[in-house]
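Asker: A single structure is presented below for examination.
The values are calculated or read from the model by the stated rules, or taken from the named source; none is laboratory data. Owing to the predicted nature of the structure, the values given are computational and were not obtained by experimental measurement. So basically every Cβ, Gly included, is an ideal-geometry build from the backbone, and we count neighbours across all protein chains shown.
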Amino acid sequence: MFKTLLHFRPRMRSEWLSILTAVYLLIFMNGTFWDKSSVFLKGDTLALLALGIGLLAAFIALIVSFSAKFVIKPVLIVLVLASVAGAWFMDRFGVIIDGEMIRNAMETNQAEAGHLITTTFILHMLLFGLLPVVFIIIVDIVHRPILKKVAVNLMIILPCLVVFGLAGLSNSGTFIFNIRQHKEWFRTLNPVFPMASAAGFFIGQSKEQNIVVQPLGRDAKVVDDWPVGHRKPRVTIIVVGETARAQNFQLGGYARETNPELSKRDIVYFDNTSSCGTATAVSVPCMFSVYGRKDYSHAKALATEDLVDVLGHAGIKTEWWDNNTGDKHVADRIKRTDLFQSNDPRFCAGGECLDQILVDGLNAWLDQIDGDAVLVLHQLGNHGPAYYLRYPEEFRKFVPDCRSVEFDTCTPETITNAYDNALLYTDHILSEVIDTLGAQGERLDTAMIYMSDHGESLGENGLYLHGAPYMFAPAQQTHVPFVLWMSPGLQQSSGIEQACLAAKADAPLSHDNLFHSVLGLMQVTTEVRDPALDIFANCRTGANS
């Protein structure tokens, strides 16, 4: 029976299977690339035709290069599956799959991944991925003798490379101009750029395995004009927001009431703040790094102690509570609590927890503080695409709200409604933190700093979610909210004038300021603190100035 079925297997020369695969990948798995190409080359049909011919020749040359026995099938299967998955996320969300996007994917947790691996995604993979893979597996490939195979492959590859070169030269001015104007264009070429990015990521990962962390700020100490024991302990809570964009913050002029509670608190809102990256895996370690955005790299962050380490060197109790996907190695050397793993039924379901879990134990933690301390709260915040799971029912103010991770089943308005409801809930959480700190005023001088790690696209220019390469990321992904609250006692003991800070609320700030400003707020002196990046440096009076 089995032998009989084998007679029905299609037979095909290896080079023809390679050519067929190249056509499939270029035409059917590059919807985003061709959409952009048709826009950028609008009115220039010859350039668009040359682009198609040139790229097809290049794809054929590339894939035929792997046309060898025992190699061709595994390579084609990987190319097809990678292309089909890449096409889904690029076509659906408008994302670009670069090294940092791959890092995000590698560092995500099961619950977060589950929001992206939907039924529709699985059907997409089965239809466009599994069926071609089955064909590749069952096809009976006819291979020539090795020397003849090399000769035939070269007879295909070399002319294809010539065609590719001539096609590029024929409209070189048009192509160069558009590539310069639209740097994201060829980053959407699937699977070429995603696979090159993956290769670069894993090579970088291998180089990072032997990194040894270097000390930073070992000279740090708290310098205070008040004698020891004659002032209250100073406590700062840093709330690391998730995916909150400034554009939708009422405090920054957004028409909707997304910050009704914070608007009633005595805060300073810095309206012109930029993120270090467009994804958590970049922004969070960069926020706490001594390196500014222009000097930052993942390897340098791994190789250098960060803000929480310097605070520890100064004798300040420092902890990290996480309700997201981890601290991204920022808290490797301090006490860390992963609250999202608690499965507390009051707050948690499906491997994720509402941010109320961050506030739940705050009073008890503050009650046992008897010296200067810093606590970092890492929110789940507005992490998409499941915005509707980020807030409880009582915060469904803006309705109807999108109740799905399948954005194509929701209107733009309902997606924004769900996103704004999540911001409304963050407003409540931050207000609770402030009120909890304020209630400790008799024994502690307290402050709260809130900064989001990056923003979010909600369909503008066809983009959703975040993670766009920074060089052409839209403002929705890089303009982030920054909120400061200080207790009256802290303002008095530190000599910080809140009116002075409020007067500079529109000044351009960024994640670069966090490292130096927290040290300044906690009155830590060290050679690694840059007063020019400390927002408090010029707003002190008296002996503390």
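Asker: Could you figure out which of (1) assigned to a helix (DSSP H, G or I); (2) under 27 Å from the mean Cα position of the chain (by Cα) isn't true of LYS183?
Answerer: Failed condition: (1).
Asker: Scan the stretch 63-82 and report the pairs whose first residue is within 16 Å of ILE141 (Cα to Cα) and whose second residue is basic (Lys, Arg), with Cβ atoms within less than 8 Å and a gap of 6+ or a chain change.
Answerer: Qualifying pairs under 8 Å: SER67/LYS149; ALA68/LYS149.
Asker: Among VAL376, VAL359, which is farther than 30 Å from PHE93 by Cα, of a type in the set (A, V, I, L, M) and part of a helix (DSSP H, G or I)?
Answerer: Working: VAL376 fails: part of a helix (DSSP H, G or I).
Matching residue, one of VAL376, VAL359: VAL359.
Asker: Restricting to the stretch 415-456, name every residue that is more than 15 Å from VAL483 (Cα to Cα) and part of a strand (DSSP E or B).
Answerer: Selection gives ASP445 alone.
Asker: Given the criteria out of contact with any Phe, Trp or Tyr (no Cβ under 9 Å at 6 or more places or on another chain), of a type outside the set (Gly, Ala, Ser) and modelled with pLDDT of 95 or more, does ASP332 qualify?
Answerer: Taking the combined requirement at face value, the residue satisfies it.
Asker: Does the stretch 513-532 hold any residues that are under 24 Å from the mean Cα position of the chain (by Cα) and aliphatic (A, V, I, L, M), and which are they?
Answerer: Filtering the stretch 513-532 down to residues under 24 Å from the mean Cα position of the chain (by Cα) leaves 513-518.
Scanning the stretch 513-532 gives LEU514, VAL518.
Asker: Show me the helices (runs of 4 or more DSSP H) entirely contained within the stretch 69-146 in which 3 or more residues are out of contact with any helix residue (DSSP H, G or I) (no Cβ under 6 Å at 6 or more places or on another chain) and under 30 Å from MET471 (Cβ atoms).
Answerer: In the stretch 69-146, 72-93, 99-107 are the helices (runs of 4 or more DSSP H) which contain 3 or more residues that are out of contact with any helix residue (DSSP H, G or I) (no Cβ under 6 Å at 6 or more places or on another chain) and under 30 Å from MET471 (Cβ atoms).
Asker: Looking at (1) of a type in the set (A, V, I, L, M, F, W, C); (2) within 24 Å of ASP322 (Cβ to Cβ); (3) in the same structural domain as PHE395 (by TED's automatic domain parsing), find the lone condition where ALA255 falls short.
Answerer: For ALA255, the failing item is (2).
Asker: Moving on to the next point. Of all the residues that make up the stretch 118-132, how many are surrounded by 14 or more Cβ atoms within 10 Å (Cβ to Cβ), closer than 19 Å to THR409 by Cβ and among the aliphatic types (A, V, I, L, M)?
Answerer: 1
Asker: Among all residue pairs at least 6 apart or on different chains, which show Cβ distances below 8 Å where the first residue, located in the stretch 197-217, is over 28 Å from VAL528 (Cβ atoms) and the second is charged (D, E, K, R)?
Answerer: Within 8 Å, the pairs are SER197/ASP98; PHE201/ARG103.
Asker: Determine whether ASP408 is touching a residue at least 60 places away in the same chain (Cβ under 8 Å), over 30 Å from TRP226 (Cβ atoms), touching a Lys or Arg at 6+ places or on another chain (Cβ under 7 Å) and part of a helix (DSSP H, G or I).
Answerer: When the stated conditions are applied, ASP408 does not pass them.
Asker: Restricting to the stretch 20-31, and then to whatever is part of a helix (DSSP H, G or I) and in contact with a Leu (Cβ under 9 Å, 6 or more places away or on another chain), can you tell me which residue is farthest from LYS149 (Cα to Cα)?
Answerer: In the first step, residues of the stretch 20-31 are kept if they are part of a helix (DSSP H, G or I); the result is 20-28, 31.
Subsequent filtering for residues that are in contact with a Leu (Cβ under 9 Å, 6 or more places away or on another chain) retains 21-23, 25-27.
Details: THR21: 18, ALA22: 19, VAL23: 21, LEU25: 23, LEU26: 24, ILE27: 27 Å.
Result: ILE27.
Asker: Here's something else I'd like to know. In this structure, is LEU501 closer than 28 Å to PRO233 by Cβ and either among the polar types (S, T, N, Q) or buried (at least 19 other Cβ atoms within 10 Å of the Cβ) (or both)? Explain how you work it out, then say what you get.
Answerer: Numbers: closer than 28 Å to PRO233 by Cβ: yes; either among the polar types (S, T, N, Q) or buried (at least 19 other Cβ atoms within 10 Å of the Cβ) (or both): yes.
It is true that LEU501 is closer than 28 Å to PRO233 by Cβ and either among the polar types (S, T, N, Q) or buried (at least 19 other Cβ atoms within 10 Å of the Cβ) (or both).
Asker: What are the pairs, 6+ residues apart or on separate chains, where a residue within the stretch 130-152 that is at pLDDT 90 or above has its Cβ under 7 Å from a residue that is assigned to a helix (DSSP H, G or I) and among the aromatic types (Phe, Trp, Tyr)?
Answerer: PRO132/TYR24
Asker: Another one. If I ask for residues that are aromatic (Phe, Trp, Tyr) and touching a residue at least 60 places away in the same chain (Cβ under 8 Å), which ones from the stretch 115-129 would you list?
Answerer: PHE128
Asker: Separate question: Among the residues of the stretch 391-427, write down those that are among the acidic types (Asp, Glu), modelled with pLDDT of 95 or more and surrounded by fewer than 14 Cβ atoms within 10 Å (Cβ to Cβ).
Answerer: Within the stretch 391-427, GLU393, GLU394, GLU413 qualify.
Asker: Identify the single condition in (1) surrounded by fewer than 24 Cβ atoms within 10 Å (Cβ to Cβ); (2) within 21 Å of GLU242 (Cα to Cα); (3) touching a residue at least 60 places away in the same chain (Cβ under 8 Å) that LEU358 does not satisfy, given that it satisfies every other one.
Answerer: The single condition LEU358 does not satisfy is (1).
Asker: Counting just the residues of the stretch 271-325 that are hydroxyl-bearing (Ser, Thr, Tyr), free of Cβ contacts under 8 Å to residues at least 60 places away in the same chain and within 19 Å of ASP98 (Cβ to Cβ), which one comes out surrounded by the fewest Cβ atoms within 10 Å (Cβ to Cβ)?
Answerer: My answer is SER297.
Asker: Okay, moving on. Which count do you get for residues in the stretch 467-483 that are crowded, with 22+ Cβ neighbours inside 10 Å and at pLDDT 95 or above?
Answerer: Here the count works out to 7.
Asker: If you don't mind, there's one more thing I want to ask. Given the residues GLU257, GLU261, GLU208, GLU242, which is the only one that is acidic (Asp, Glu) and over 30 Å from PHE398 (Cα atoms)?
Answerer: Values: GLU257 fails: over 30 Å from PHE398 (Cα atoms); GLU261 fails: over 30 Å from PHE398 (Cα atoms); GLU242 fails: over 30 Å from PHE398 (Cα atoms).
Going through GLU257, GLU261, GLU208, GLU242 in turn, the sole match is GLU208.
Asker: Can I ask one more? Can you go through PHE249, PHE164, PHE177 and tell me which one is buried (at least 17 other Cβ atoms within 10 Å of the Cβ), over 30 Å from SER67 (Cβ atoms) and either outside the structural domain of ALA57 (by TED's automatic domain parsing) or of a type outside the set (Ser, Thr, Tyr) (or both)?
Answerer: It is PHE249.
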